[in-house]
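In what follows, a structure is listed as structure tokens, so that the remarks can point back to it.
Coordinate-derived values only; no laboratory data. The structure displayed is predicted, hence computed values, not measured ones. FYI the Cβ positions are ideal-geometry reconstructions off the backbone, even for glycines, and counts take in every protein chain you see.
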Amino acid sequence: MKLWSQFFIPTLKESPADAEIASHKLLVRAGLVRKLGGGLYTYMPLGLRVIHKLTQICREELDGAGGIELWMPHVHPVELWQQGPRWAAAREIMFRADSAGDGKRAPREPEFVLGPTHEEVITPLVKAEISSYRDLPKNFYQIATKFRNEIRPRFGLMRAREFIMMDAYSFDATDDGAVTSYHAMKAAYARFFKRVGAHAIAVEADTGVMGGSFSHEFMVPAEIGDDDVIYNEASGYAANREKATSGLVAPDLVDAAPSGPLEEFATPGVVTIAALAAAPYAVGADRQFKTLVFMGDGKPFLVILRGCDELEEAKLGALGFTLFRAATADEIEPVMGAKPGSLGAINGTIKNFGALAGIYADHAIRLIGNGTTGANKDGFHVNHVNVTRDLAVTRFGDFRRVRPGEPDPKSGQPLQVRRGIEVGHIFKLGTKYSEKFGAVFTDDKKESHLMVMGCYGIGISRTMQAVIEQSHDADGIIWPWNCAPFQVLICVIDPQLPEAMDLARKLALAAERAGADVLVDDRAERPGVKFKDADLIGLPLRITIGGKGLKEGIVELKWRTQKEVIKVALAEAERCVAAAVLEAAERART
RNA sequence: CGGGGUGUAGCUUAGUCUGGUAGAGCGCCUGGUUUGGGACCAGGAGGUCGUAGGUUCGAAUCCUAUCGCCCCGACCA
């Protein structure tokens, strides 16, 4: 039992000016966090209790799934990262952790960095400690602070520079084993989110800079989420935008025969899809081939899309470049022979074809069959361009951005889109890191193999905010039972009456014996203030003890989710409180 | 990093256009009256107006630079 007067819950009547969304405002107003700087937050006593609830449940589920907890340093020697596979891509978001220096010398390369995740630490550790198949599989995890110098911290804890994350790493002897580990984690994640009362759904995801072969994100649907989930309710298909595909191109599509000889025509000043679609040319955007130029690890490559489609840049990750970006106009002209707006990928028209690392075409251009594209000559386009005959495609792939309403690849039903908050992510990594760090083991035939890895993350602090975003009303937070900082608030209206406080202690004990954490509001505040604060901090069950009720011989029980007050006779109070607690705990379990 | 916005008391803010000694509400302190949904009265403390230059007799207000913060985009748990 905690007495409010001896705890610290600085609530606010007004929302801070820098908070935009409900959960961020409530985090601050309910006294759960305070801001230190952009993306940097102090977890106040009440907020820390929520974090502890979440980490404890997380720990139980991971232990249940065979996880082994450890703790790794957050300061990493930079050499580890330089040796790992993603230094070039990750260094931008990493904090350096050098000594502050004497303020005179110029900054050198960092000697230490702060860990954004721990693949570069765990893999060498496992390499050093495990060398036999007998010691595999293993799944190590920690729940700790992570550091990422986010380009744009946002929405309070939603995207912070310093945040709390559970990160786990599985090591298996075989690929099948790694898949088993992956699915065990996926199931543990589902149990975790269910227990804490977050309605998270698993969606197929892109592997991004982590690399690896497949991946799921756990998303909490919310308007303010950073990600789009593309889904179809009926078929169960769900993927994030980076990964989502559609069934737009039928598998049995027959490529169109050429419609005629190539025909160059003048298009002075036409440099956009829209301009070519307008009079006098009137070539519909869905009849145009759009040619984009990118730089991949220093070499240019082309991407061909329909004029009406958008590129989904993340999908270029599948091409295997370590780093890629859109090419600049200056880089484009020497290679293509024309400025952007007149580009095309027709055989023989590219000025310096040999410089290209590849020409990648989106499947959907096959729907065009015969269309129009740039001539690689400023102010000219070409008609009757046939996909098979004329375009120098290295390979086809899925590069376009899916639109809502397109057919679901599973069922053909229309796809829908909604926003979500990514609270967890699981990757089957494969051998990307074990190769780099030489994490090998010996099997029962004395042969050496690379360990097959998986990595897994849950944003603990982000989950706290996602729960609030998902569960609040105009008056405040509505905590789910299992992650509430306390489950029961005993609101003593007249704390100056000894019999009121005695009863509060008695009921607190009853609730605690039934398994609840109890907060007693013993402040000498007016009732209105206490009730407002009670709704704001949102504990699931409120018990009100007042002089008035005592005279009548009753106390009041009220669920945060419910409007009505349940009056209970004093003689029944202990039993009713205990029963209510047990019932709520049971409800939260199923 | 690109685009937009903003910085005045612990919090929310007015005043900035049109320069003239900084105002309110909440919170805080003292006293009193109140006491079942953010009370009322009286008194009080608290601001070098983000910072640094400049213009001016005079700058929160105009100019320049710089920093912080917020929103949109690329990135992520």
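So, counting K/R as plus one and D/E as minus one, what does the shell of residues with Cβ under 13 Å around A:Asp517 add up to? Cβ neighbours under 13 Å give a net charge of +3. Taking only the Cα atoms of the stretch A:323-367, the ratio Rg/Rh comes out at 0.97, with Rh defined as the Kirkwood radius. Can you give the percent of C-alpha pairs in the stretch A:439-482 whose distance is more than 16 Å? Counting every Cα pair in the stretch A:439-482, those more than 16 Å apart make up 62 percent. Taking only the C-alpha atoms of the stretch A:412-563, Rg followed by Dmax gives 25.4, 82 Å. Put a dot 7 Å past the Cα of A:Ala524, heading toward its Cβ, do the same for A:Thr55, and the two dots end up 3.7 nm apart.
Per-residue ellipticity at 222 nm, computed for chain A from helices alone with -39500 (n - 2.57) per DSSP H run of at least four residues, works out to -8000 deg cm²/dmol. The modelled label-to-label distance for the pair A:Val440/A:Ala278, using points 7 Å beyond Cα in the direction of Cβ, is 6.4 nm. The longest part of chain A holding none of the exposed loop trypsin sites (Lys or Arg not before Pro), meaning those outside H, G, I, E and B in DSSP with at most 11 other Cβ atoms within 10 Å, is A:109-444. Each residue of the stretch A:368-374 was assigned a 3J(HN,Hα) from its phi angle through the Karplus expression (A = 6.51, B = -1.76, C = 1.60, θ = phi - 60°), giving 6, x, 10, x, 10, 8, x Hz with x at Gly and Pro.
Against chain A, whose longest principal axis is taken from its Cα atoms, helix A:527-537 shows a tilt of about 40°.
If the chain linking A:Asp255 and A:Leu40 were pulled fully straight, counting 0.36 nm for each residue of separation and taking away their Cα-Cα distance, it would gain 71.9 nm. Based on the Kirkwood radius over alpha-carbon pairs, what value in µm²/s does the Stokes-Einstein equation return for the translational diffusion coefficient of chain A at 20 °C and 1.002 mPa s? Rounded, D is 77 µm²/s.
Segment A:Ala17..A:Ala285, full-extension length gain: 92.0 nm, with 0.36 nm per residue of separation and the alpha-carbon distance subtracted.
Give me D for the stretch A:3-134 in µm² s⁻¹, whole number, from Stokes-Einstein with Rh from the Kirkwood sum over alpha-carbon pairs, 10 °C and 1.306 mPa s.
84
Residues whose amide H falls under 5 Å from that of A:Gly538, counting only those 5 or more places apart or on a different chain, are A:Ile477, with hydrogens built in the peptide plane.
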